[in-house]
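A short worksheet on the structure shown next.
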Protein chains: 2
Amino acid sequence: MPEIDVCLSPELIHLHDVNGRVAVVVDILRATSCMTAGFGSGVAEIKPFADLESCRKMRDKGYLIAGERNGKKVDGFDLGNSPFDYLEAGSSGRKLAVTTTNGTVAIEKSSGADHVIIGSFLNLEAVAHWVKEAAQDVLIVCAGWKGKVNLEDTLFAGALVDRLYPAFTLGCDAPLVALHCYQGMQDNLLDHVMASSHAQRLKRLDIEKDISYCLQQDLFEVVPRLTNGSLVNVLSR
Amino acid sequence: MPEIDVCLSPELIHLHDVNGRVAVVVDILRATSCMTAGFGSGVAEIKPFADLESCRKMRDKGYLIAGERNGKKVDGFDLGNSPFDYLEAGSSGRKLAVTTTNGTVAIEKSSGADHVIIGSFLNLEAVAHWVKEAAQDVLIVCAGWKGKVNLEDTLFAGALVDRLYPAFTLGCDAPLVALHCYQGMQDNLLDHVMASSHAQRLKRLDIEKDISYCLQQDLFEVVPRLTNGSLVNVLSR
């Protein structure tokens, strides 16, 4: 039986062997939610970058550039880190180059995995289905907030464990912690996340509409996967 | 209002500033439970060591030596890592030198804090009371299992947050995660911990009696604190 494990922060990734596993990268507020919304509405490709300058250069190659640092859009970039920006970009079928505070770092740190998949509440069921079909060991990599554990990524990890367990065995205690948090909060995700420190920080940026959007489940049947440094949607159902 | 924060693994301690804080170190299975039981039954002093050899040498200075690696007693040491060993040593009023897989490392990594306190379910209320009186910022440092987050230390963190909140503000999302786990599991701690991966590992060592002992709350009114490299009980009520 394949195993599911959870890495609650990218700072703990060295304790896990990603080799031979599917890594599901999650940054609910808001990188991986944005990416899901983008693919769900027609984005053709997303190229993630850990640094701003490499991302900025992609404009010359015809990419729209999306950049966020500390929750705010980077000056001179086309898109910030709101799912509504991505929905708009998707409708025009554009290619995107993206850099964010936490999400793109988590993708980079997971790149040794057999498959790197983008997960969010918006494509939860599609990811759960894809992972079950793959029948490989899974590591959910939470992007957290500057290395620290955050509530919304932990809740997503719990939600995915909830959909995979008991068809997968649990790799350590982190999946148990995430699962119990999710099961305890699932009827009221928005209130719980709004009370968290990360959301409180983002609230000052006036993005309550974004947070509420990002906590919706199963809006899109897409599974973005990293292939030769680019994310593309591999779901063809 | 002072702040309470939780470091779910010693591998995340670099993200926290322990300076100016009280660090409450916790390794429920079993280092800090053992230490609490030892002080509660008459141990005069406990000297923690991260490495085996420094610990072993303390026998020449009249200390009983306690050593555990991977859940097992180290060959040639006087005590292993069972609270029952410590209760026995306590009754003879001896001084102990101790090294363990996770607990003593967590103590060492916390040593920059203003005060380093030993916490366990066995002295939960005494620690909560001491920390409230200190009225300083608090960081709960979970020892985990070889760097990974474990359930029982997370549950203790949640239990302590439960006793301090809302008199303390929450520093980040980890206290929220721990609190919700504890509140969801508190009526059945033993069953939940026995189902965890760490307990499953320890079960093979036949220590169910130890686990059940370590999950009892408020058996001892002791607060072991690190002073000049040694733990002593600072509670004089």
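The values are calculated or read from the model by the stated rules, or taken from the named source; none is laboratory data. Note that this is a predicted model, so its numbers are computed, not measured. In this analysis, Cβ positions are derived from the backbone assuming ideal geometry, glycine residues included, and neighbour counts consider all displayed protein chains. Accessible surface areas use protein heavy atoms only, side chains included; no ligands, DNA or RNA. Shrake-Rupley method; radii C 1.70, N 1.55, O 1.52, S 1.80 Å.
Taking the 1.4 Å solvent-accessible surface of the stretch B:138-237 as the whole, the part contributed by carbon and sulfur is 44%. With a threshold of 27 Å on the Cα-Cα distance, the over-threshold entries among A:K47/B:K148; A:K72/A:K95; A:K47/A:K148; A:K148/A:K209; A:K109/B:K146; A:K148/B:K109 are A:K47/B:K148.
Copy-to-copy label distances for B:G229, where each label lies 7 Å from Cα along Cα-to-Cβ, are 5.3 nm in order of increasing length.
Length gained on full extension, A:Q200 to A:N70: 45.5 nm, using 0.36 nm per residue less the C-alpha separation. Once the protein assembly as shown is represented by equal point scatterers at the alpha-carbon sites, with solvent omitted, what log10 I(q)/I(0) does the Debye formula produce at q = 0.10, 0.11, 0.13 Å⁻¹? Log-scaled intensity ratios, in q order: -0.73, -0.85, -1.09. With the label put 7 angstrom out from Cα along the Cα-to-Cβ vector, B:D75 ends up 6.7 nm from the copy partners, going from closest to farthest. If R0 is 56 Å, the Cβ-Cβ spacing of B:L190 and A:S230 corresponds to a FRET efficiency of close to 0.70. Shielding value for A:147-153 is 6, the average number of Cβ atoms from other chains within 10 Å of each residue's Cβ. Measuring from each Cβ of chain A to the axis that turns chain A onto chain B, the shortest distance belongs to A:G184, 2 (residue, then whole Å). Summary for A:Q186: label point 7 Å along Cα→Cβ; distances to the equivalent points in the other copies, ascending, 2.3 nm. Candidates B:L164, A:G67, B:S196 compared by Cα position along the dipole of the protein assembly as shown: farthest toward the positive end lies A:G67, with charges placed on Cβ. With R₀ fixed at 51 Å, the C-beta to C-beta distance from B:Q136 to A:K61 puts the FRET efficiency at about 0.45. Full extension of the chain between B:S91 and B:D17 gives 22.8 nm of extra length, using 0.36 nm per residue less the Cα-Cα distance. Computed on the Cα trace of the stretch A:1-53, the radius of gyration divided by the Kirkwood hydrodynamic radius gives Rg/Rh = 1.02.
Only Cα pairs under 8 Å and 6+ residues apart enter the sum, and on that basis the relative contact order of the stretch A:85-224 stands at 34 percent. The equivalent ellipsoid that matches the C-alpha gyration tensor of the stretch B:21-136 spans semi-axes of 23, 15, 13 angstrom, in descending order.
Put simply, the C-alpha atoms of the stretch B:88-159 give a gyration tensor, and the ellipsoid matching it has half-axes of 20, 18, 14 Å, longest first.
Dipole magnitude for the protein assembly as shown: computed about the Cα centre from +1 point charges on Lys and Arg Cβ and -1 point charges on Asp and Glu Cβ, it is near 860 debye.
In the stretch B:45-111, the portion of solvent-accessible area held by carbon and sulfur atoms comes to 46 percent [1.4 Å probe, whole percent, DNA, RNA and ligands not counted]. Couplings 3J(HN,Hα) of the stretch A:88-97, computed from phi: 5, 4, x, 5, 9, x, 7, 9, 10, 10 Hz, in residue order, whole Hz [Karplus 6.51 cos²θ - 1.76 cosθ + 1.60, θ = phi - 60°; x for Gly and Pro]. The mean of 1/r over all pairs of different alpha-carbon atoms in the stretch B:151-206, once inverted, gives a Kirkwood hydrodynamic radius of 11.9 Å. Remark: mean inter-chain Cβ contacts per residue of B:10-17 equal 3, using a 10 Å Cβ-Cβ cutoff to other protein chain atoms. For the stretch A:197-237, heavy-atom accessible area (probe 1.4 Å) falls by no less than 50 Å² from the chain alone to the full protein assembly at A:S197. Taken per residue, the accessible surface of the protein assembly as shown reaches 37 Å², heavy atoms only and a 1.4 Å probe. Along its first, second and third principal axes, ordered by size, chain B spans 47, 37, 34 Å in Cα coordinates. Once the Cα atoms are used to define both axes, helix A:151-164 deviates from the longest principal axis of chain A by about 50 degrees. Does the stretch B:197-237 come out rounded, prolate or oblate, given a ≥ b ≥ c as the square roots of the eigenvalues of its C-alpha gyration tensor, rounded meaning a/c under 1.5 and, failing that, prolate meaning a/b above b/c? Because a/c hits 1.5 or more and a/b fails to exceed b/c, the stretch B:197-237 counts as oblate.
Across chain B, the relative contact order, built from alpha-carbon pairs under 8 Å that are at least six residues apart, equals 33 percent.
Shielding value for B:162-174 is 3, the average number of Cβ atoms from other chains within 10 Å of each residue's Cβ.
Summarised as an ellipsoid, the stretch B:141-237 has semi-axes of 23, 20, 14 Å, derived from the eigenvalues of the Cα gyration tensor scaled by 5 and square-rooted, with the largest first.
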